[in-house]
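The values are calculated or read from the model by the stated rules, or taken from the named source; none is laboratory data. Only a predicted model underlies this, so the values are computations on that prediction, with no experimental measurement involved. All Cβ positions, even for glycine, are placed from backbone atoms using ideal geometry, and neighbour counts span all protein chains on display.
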């Protein structure tokens, strides 16, 4: 596992955006696994600026997103399809037919199976972007006694609902279930890049980068098993987590 410590979260976002742009320039038809939430927004802003400056071309890029809330249509302003459109896809020259975000409505089992198939279609992601939850969850694979390999419907924990409540009018509006990519598809990516910032992530990051344990009670620790994984954090978070590297 490669641990990258930057001077600020802005520097982390620029570092990861450069990783993605270099991949696209090297392999124009690459497949990206994408994430949502507050963490990747500045990464996507950097990529938009690069695209507008002619430094990166998304015209042949394919993408698959990690997850989607159950019960939200793609045009709901808190759905992850809406998030991706407004934070990246609408602003770069990507063909939306080459982008996939799971459906949050309809048959949940069928939607999960479709996400699993799309994750594998044409090969798994060349680069999978990840954030991390306060409890160490990646995508919506929640901390607990077990993890599920396949894409599935996950019951969201109270801590995840509280963390995501800031995006909704009130906490009771946050969906309690979500469709998520399973651990198998995430770990099958050629390269996995986890980005984190903020004091709330300190303990999860400490467990990820400062000891050797791999545990379902912090799903991010499974990245220790991946041969080409990166953890990109700012110095403030690294010091809070006790990282000495």
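At-a-glance table
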{"read-out": "Qualifying residue in the range 33-44 (condition: more than 16 Å from the chain's Cα centre (by Cα) and on the phi < 0 side of the Ramachandran plot)", "value": "no"}
{"read-out": "Flag for residue 194 being surrounded by 15 or more Cβ atoms within 10 Å (Cβ to Cβ) and within 14 Å of the chain's Cα centre (by Cα)", "value": "yes"}
{"read-out": "Flag for residue 221 being within 29 Å of residue 107 (Cβ to Cβ), within 17 Å of the chain's Cα centre (by Cα) and in a helix (DSSP H, G or I)", "value": "no"}
{"read-out": "Residues satisfying the stated conditions in the range 168-204, i.e. part of a helix (DSSP H, G or I) and over 17 Å from residue 139 (Cβ atoms)", "value": "171, 172, 173, 199, 200, 202, 203"}
{"read-out": "Qualifying residue in the range 150-162 (condition: touching a helix residue (DSSP H, G or I) at 6+ places or on another chain (Cβ under 6 Å), under 29 Å from residue 12 (Cβ atoms) and outside any loop (DSSP other than H, G, I, E, B))", "value": "no"}
{"read-out": "Matching residues, the range 101-128, being touching a helix residue (DSSP H, G or I) at 6+ places or on another chain (Cβ under 7 Å) and closer than 27 Å to residue 53 by Cβ", "value": "101, 126, 127, 128"}
{"read-out": "Residue among 186, 209 that alone is at pLDDT 95 or above and either surrounded by fewer than 14 Cβ atoms within 10 Å (Cβ to Cβ) or within 25 Å of residue 114 (Cα to Cα) (or both)", "value": "186"}
{"read-out": "Criterion violated by residue 165 - all others in (1) surrounded by fewer than 21 Cβ atoms within 10 Å (Cβ to Cβ); (2) at pLDDT 95 or above; (3) in contact with a helix residue (DSSP H, G or I) (Cβ under 9 Å, 6 or more places away or on another chain); (4) not in a loop (DSSP other than H, G, I, E, B) satisfied", "value": "(2)"}
{"read-out": "Test: residue in the range 128-138 that is exposed (fewer than 15 other Cβ atoms within 10 Å of the Cβ) and either at pLDDT 95 or above or under 17 Å from the mean Cα position of the chain (by Cα) (or both)", "value": "no"}
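Yes or no, residue by residue, for (1) out of contact with any strand residue (DSSP E or B) (no Cβ under 7 Å at 6 or more places or on another chain); (2) assigned to a loop (DSSP other than H, G, I, E, B); (3) over 28 Å from residue 9 (Cβ atoms):
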residue	(1), (2), (3)
75	yes, yes, yes
90	yes, no, no
104	no, yes, yes
110	yes, no, yes
115	no, no, yes
128	no, no, no
